[in-house]
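Student: Handing you this structure, nothing more for now.
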Amino acid sequence: MNNLPLRKGNGLLAKMKLFLVALPLLSLGTAHAGGHLSGKSDTTNAVTSTQFGPVKQIKAGLLNVGYVEAGPASGEAVILLHGWPYDISSYSEVTNILAAKGYHVFVPYLRGYGTTTFLSASTKRNGQQAVVAEDILAFMDALKIKKAILGGYDWGARTADIIAAIWPERVKGLVSVSGYLIGSQAGNKAPLPPKAEFAWWYQFYFATDRGAAGYAANTAAFNKLIWQLASPKWNFSDATYELAAKAFDNPDHVKVVIDNYRWRLGLTQGEAKYDALEKKLAAAPAILVPTVTLEGDANGAPHPDPSQYANKFKGKYVHHTINGGIGHDLPQEAPQAFADAIVEVDNLAK
């Protein structure tokens, strides 16, 4: 899940730069005052569509990446990135919608998930934010994708944010659930109010040997609990969860997840080769590419208020809150709204 929330500063909602396209949004649902949209989908309890797949493999950087590809090869490239504890099935309906609109969609498993594996047994099973972004750049290079629209939530949103901030020439547009999620070890040292700390219980659990052992022993049950807490109004079926849970059987899943959360707290230092990139990220660089940020009205996971990150997006920028009991896994809970945000940011970039 996401980094610790940004502190309130001068990023007031009144200072948001809203550049709205002239074209109306496509099927975004009923608009509400303040950028709220109705996005509840009647497909959120369904198992992934049989049209999603098959999973392909490509060697990219340190990994053999598993991914799904859909849509015409001539279409605008879109890369969709999942979070923890989820998988590529979060984007099954989004992918089908976008492919039908002519987009060329790629949905990769992140390191430690599904069929994505390390090419070398000696590679550190590192989960720090910089390395996941480097993975996706290598994935783009392997597929010869020079520039793409990036979309993501949770780890995926942070990864997309990083690429947009540091390598804007590779990003046509950005769709980020919960907005600006780039963090730093130094920033995460600051204590939060008790209620906010309580929401991060799993991060502190993972910091202990007991937590690492507990996650390894009870991965599927643990992650199902996270789904329930992060999306308290999403009545997902057991079959929907079990489909995603197959991705957690990856032999490196536990190591990557534990390292990710320990790195955030400074309990692991990461790899020296990423120090320069982490230094840039610690400065909280602004994002200049056209961006649409989204938030569900029932997100039970820790997340910043939109007013806290609006000033980090310096280009064309729009925010939508999706109503209807939408939780943390917004692409799967409100696939039409997420797909429409991809189309919207594509229009912003034109």
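Student: I want to confirm something. Restricting to segment 331-350 and keeping residues that are touching a strand residue (DSSP E or B) at 6+ places or on another chain (Cβ under 9 Å) and within 18 Å of Ser237 (Cβ to Cβ), which single residue is surrounded by the fewest Cβ atoms within 10 Å (Cβ to Cβ)?
Tutor: Glu333
Student: Which of the residues that make up segment 168-223 are among the polar types (S, T, N, Q) and part of a helix (DSSP H, G or I)?
Tutor: So in segment 168-223, the residues among the polar types (S, T, N, Q) come out as 176, 178, 184-185, 188, 203, 208, 218-219, 223.
Of everything in segment 168-223, those that are among the polar types (S, T, N, Q) and part of a helix (DSSP H, G or I) turn out to be Asn188, Gln203, Thr219, Asn223.
Student: Any idea how many residues of segment 154-167 are in a helix (DSSP H, G or I) and free of Cβ contacts under 8 Å to residues at least 60 places away in the same chain? Reasoning before the result, please.
Tutor: Within segment 154-167, the subset in a helix (DSSP H, G or I) is 155-166.
If we keep only those that are free of Cβ contacts under 8 Å to residues at least 60 places away in the same chain too, we end up with 163.
Matching residues across segment 154-167 total 1.
Student: Considering each of Ala283, Ala310, Ala301 in turn, give the residue that is in contact with a Ser or Thr (Cβ under 9 Å, 6 or more places away or on another chain), within 16 Å of Tyr180 (Cβ to Cβ), of a type in the set (Gly, Ala, Ser) and without any contact (Cβ under 8 Å) to a residue 60 or more places away in the chain. Reasoning before the result, please.
Tutor: Numbers: Ala310 fails: without any contact (Cβ under 8 Å) to a residue 60 or more places away in the chain; Ala301 fails: without any contact (Cβ under 8 Å) to a residue 60 or more places away in the chain.
The unique qualifying residue is Ala283.
Student: Let me ask something else about it. Looking at segment 207-241 only, could you name the residues that are free of Cβ contacts under 8 Å to residues at least 40 places away in the same chain, closer than 13 Å to Asp329 by Cα and of a type outside the set (Phe, Trp, Tyr)?
Tutor: Answer for segment 207-241, where residues must be free of Cβ contacts under 8 Å to residues at least 40 places away in the same chain, closer than 13 Å to Asp329 by Cα and of a type outside the set (Phe, Trp, Tyr): Lys224, Gln228.
Student: Which is at pLDDT below 95 and either surrounded by 15 or more Cβ atoms within 10 Å (Cβ to Cβ) or on the phi > 0 side of the Ramachandran plot (or both), of Leu192, Leu174?
Tutor: Working: Leu174 fails: at pLDDT below 95.
Just a single option satisfies the conditions, and that option is Leu192.
Student: Among the residues of segment 87-114, write down those that are buried (at least 24 other Cβ atoms within 10 Å of the Cβ) and either basic (Lys, Arg) or without any contact (Cβ under 8 Å) to a residue 24 or more places away in the chain (or both).
Tutor: Answer for segment 87-114, where residues must be buried (at least 24 other Cβ atoms within 10 Å of the Cβ) and either basic (Lys, Arg) or without any contact (Cβ under 8 Å) to a residue 24 or more places away in the chain (or both): just Arg111.
The values are calculated or read from the model by the stated rules, or taken from the named source; none is laboratory data. Everything quoted here is computed from the prediction, not taken from an experiment. Virtual Cβ from ideal backbone geometry, glycine too; neighbours counted across all protein chains shown.
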